[in-house]
Structures are given as structure tokens and as C-alpha cells.
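Taken together, the values in this text are just the output of simple stated rules run on the coordinates, not laboratory data. Predicted model, so just to flag it, every value in this text is computed and none were measured. Here the Cβ is made from the backbone with ideal geometry for all residues, glycine too, and neighbour counts use every protein chain on show.
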Amino acid sequence: MKNFWQKFKKPILALAPMAGITDSAFRQICKKYGADIVYSEMVSIDGLHYNSAKTFDLIKFNKKEKPIVIQLFGSKPELFAKAAKEVEKIGADGVDINFGCPAPKIYKNMGGVRLMRDLDLCYKIIKATCLATNIPVSIKIRAAINLPQGKVTAMDLVKKVGKLPISAIMIHGRSYEQGFGGKIDFKAIKSVKKAFKGIVLGNGGIFTPEKAKEMIEKTGVDGIGLAQGILGKLWLFKQIKDYLDFGKYREFDMAKIKTVALKHTELCYKLKGAVGILEMRKHLGWYLKGFENASKIRRKLMVADSLKQIKDILNSEL
Ligand SMILES: Cc1cc2nc3c(=O)[nH]c(=O)nc-3n(C[C@H](O)[C@H](O)[C@H](O)COP(=O)(O)O)c2cc1C
């Protein structure tokens with residue numbers, strides 16, 4: 001098995017999966033600014049099974065994004081196996097299984113973090129996926145899920161599945177109940193790093209190079225996964241690398257941010273057409289965060305519906 005995970009210089013900087021955000025355009029720009037590895041948005045194994053064109057669109061990627069991991073969600077071992085074969089067929093470097101998503105729609109259907117309540121099922125899913133494919137299989141998990149019927153921790157899951165040939169674990173240091181905010185449980189991440197022989201990536205709350213360093217130092221992980229911290233700041237990867245290598249990093253000025261925002265918009269439009277322009281609105285809002293006049297510019301951008309209009313607004317206002 002080609003295990004690309006072992007080839008990286010550490011610490012590994014990964015783009016964590018974000019549904020509705022980490023599409024091909026986003027991933028390509030993150031790669032340009034220092035991401036070592038990118039994860040796709042989560043992709044439904046049922047959608048792939050039923051040949052949904054929309055789901056198949058989600059697993060498309062450009063060679064520039066490699067190495068790329070496609071993340072799958074669902075609950076049926078046999079469909080994970082089938083989907084993993086599909087992911088291997090299209091040339092992705094790795095396949096990841098989502099054991100962390102708390103979204104009600106996924107949770108109610110037994111997927112995402114809900115799976116952590118059924119460790120036997122987790123085992124069956126990972127085993128079926130590993131047996132079905134020759135590309136490395138990784139998992140993304142949460143620190144814990146606390147339920148009236150008892151608590152299940154990341155360590156419980158790792159103990160249950162640790163002997164399966166899993167290549168990497170990304171652990172989000174928050175519980176199911178915490179959602180996407182609140183304190184990161186460094187102890188939980190550190191325990192997983194100690195117990196698991198493969199690559200461990202720590203995830204959660206990394207918004208600055210200083211926070212990245214803190215996560216690495218406090219937990220001893222092999223790398224980190226970035227999510228909300230890079231929204232509107234896709235160059236955070238480069239800043240983290242500079243900080244870890246040289247102890248300092250540069251902030252991007254308005255001219256550089258404008259260049260990234262325009263490039264991102266052009267690429268998104270090229271890949272998705274008019275829909276891409278609508279999807280860019282949220283990203284442009286994030287790029288403008290902290291700018292003088294941001295709310296005025298944002299209001300104009302929120303009604304722009306062509307590439308030309310967006311370019312005109314950014315060129316005249318920034
Ligand atoms: C909008 C959004 C979408 C997300 N989608 C996914 C997903 O598809 N799969 C997944 O495993 N995690 C997903 N996550 C969780 C992130 O990968 C990450 O674990 C979480 O945001 C914590 O990291 P952070 O504090 O750096 O944001 C998503 C998070 C956000 C904010």
C-alpha cells in the first residue's frame with residue numbers, strides 16, 4: 001500500500017474537511033499557501049451508492065490538490081466499502097471516515113459522531129473500508145460524546161479499532177456537546193497520540209500560528225488540521241510554517257488579500273459557474289473581516305451575481 005502519510009515532513013499541516021466550504025477551488029488555494037494535505041467536504045456513501053450526480057461532483061478534484069483525502073459519511077459498512085473503491089478508482093490518495101459530524105441530519109441517520117455510540121459498528125465500518133481499498137484509510141473523531149447512558153471517549157474508540165490498519169487519525173478536541181466552539185481538550189488529543197501508532201493530527205481552535213504551536217507542543221501530535229481558522233485567511237498555513245521555522249510570520253496586507261480573494265472567485269467561477277459566484281459571497285465576507293468599510297463592501301458583494309461585478313467592487317473599494 002502506498003502510504004503517503006509517512007512521507008511528510010512533520011508537523012503536517014492539513015486542511016480539515018468542511019462541508020459547503022472545502023471544495024476544489026478552496027483546496028487548490030490552500031495548497032498554494034502551504035497546506036500539505038487537503039480533505040474534501042464530507043461525501044455521502046448513500047449518494048455514491050445511488051449514483052447521485054451531485055455526490056459524484058463532490059469527489060472530483062484537480063491533480064494540483066494532491067495528496068487529497070476524500071471524506072465519507074454514512075453508517076453502512078458495505079456502502080463504505082463500495083464508496084472507498086470508488087474513491088480509489090478516481091485516483092484520490094486516501095479515504096477518510098467521518099466519526100465527528102454533529103449535524104442533526106447526519107446524526108439522526110446514524111452517521112457522523114452518532115457512530116461513536118456504537119463501537120462495534122465503528123469497527124465493522126473501518127474493517128470493511130480497509131479490506132475494500134488499497135489506499136490509506138484514516139478516521140476523523142471527536143474527543144468524546146457525553147450521553148445520559150454514558151460517556152464514550154476518543155480513547156474508547158481508539159482502543160476498539162486501534163489494531164485495524166488505520167493510517168491516520170484526526171482528532172477534534174471537542175465533545176459532541178461542544179459543537180464547534182469552546183475549549184480544546186489537549187489531554188484527549190495527547191492520549192490518542194500516545195496510544196495510536198499511526199499519524200495523529202490535532203484539530204480544533206487553531207486560529208493563529210501561536211495556537212498551532214501550542215497544540216503541537218501540548219499534545220505531541222504529528223500534525224494539525226485547520227478549519228474555521230482559515231476562513232478568509234487561507235494563507236494561515238504559510239504563516240504557521242514561517243512561525244514554526246523562523247519564529248515569526250507576516251500578516252497579509254489589503255493588496256495581498258484582494259489578490260487571493262480575486263483568484264479564489266475566478267477559480268470558483270471557472271469550476272462551478274454562476275453557482276460558484278453565489279457560493280463565493282460567504283468567502284468574500286470572511287476575506288473582508290477587519291477591513292475598514294467592510295460592512296459597506298459586504299452589502300454590495302451580497303447582491304453581486306457575476307464575476308465582473310465582484311471584480312469591479314473589489315477593484316474600486318480595496
Ligand atoms: C462549516 C463547517 C463544516 C464542517 N464540515 C465537516 C465535514 O464535512 N466533515 C468533518 O469531519 N468535519 C467537518 N467540520 C468540522 C471541522 O473539520 C473541524 O473538526 C471543526 O471545525 C473544529 O476545528 P476548528 O475549531 O479549527 O474549526 C466542519 C466544520 C465547519 C465549521
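Computed quantities for the displayed model
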| item | result |
| --- | --- |
| Label-point gap, in nm, between Thr259 and Lys311 - each point 7 angstrom along Cα→Cβ | 1.8 |
| Kirkwood-type radius of region 4-246, with distances r between different C-alpha atoms, in Å | 17.6 |
| C-alpha long axis of helix 307-317 to longest principal axis of the chain, angle in ° | 60 |
| Crossing angle, helix 77-89 versus the chain [Cα axis fit, 0-90 degrees, rounded to tens] | 50 |
| GNM flexibility winner over the chain from Lys190, Lys300, Lys233 (Cα, springs under 10 Å) | Lys300 |
| Difference of contour (0.36 nm per residue) and Cα-Cα distance, Phe207 to Asp120 | 27.8 nm |
| Sequence-separation-based contact order of the chain, relative, with Cα cut under 8 Å and 6+ spacing, percent | 15 |
| Using alpha-carbon coordinates, inclination of helix 274-287 to the longest axis of the chain, degrees | 90 |
| Subset of Lys197/Lys238; Lys127/Lys151; Lys9/Lys187; Lys76/Lys124 violating a 19 Å alpha-carbon distance limit | Lys197/Lys238; Lys127/Lys151; Lys9/Lys187 |
| For region 252-259, 3J(HN,Hα) per residue [Karplus equation, 6.51 cos²θ - 1.76 cosθ + 1.60, θ = phi - 60°, Hz, x = Gly/Pro] | 7, 8, 4, 5, 5, 5, 4, 4 |
| Gain upon complete extension [Asn62, Phe291; 0.36 nm per residue less C-alpha separation] | 79.2 nm |
| Where labels lie 7 Å past Cα in the beta-carbon direction, separation of Asn51 and Phe8 in nm | 3.6 |
| Among the listed pairs Lys60/Lys233; Lys60/Lys300; Lys256/Lys296; Lys140/Lys218, those beyond 22 Å (Cα-Cα) | Lys60/Lys233; Lys60/Lys300 |
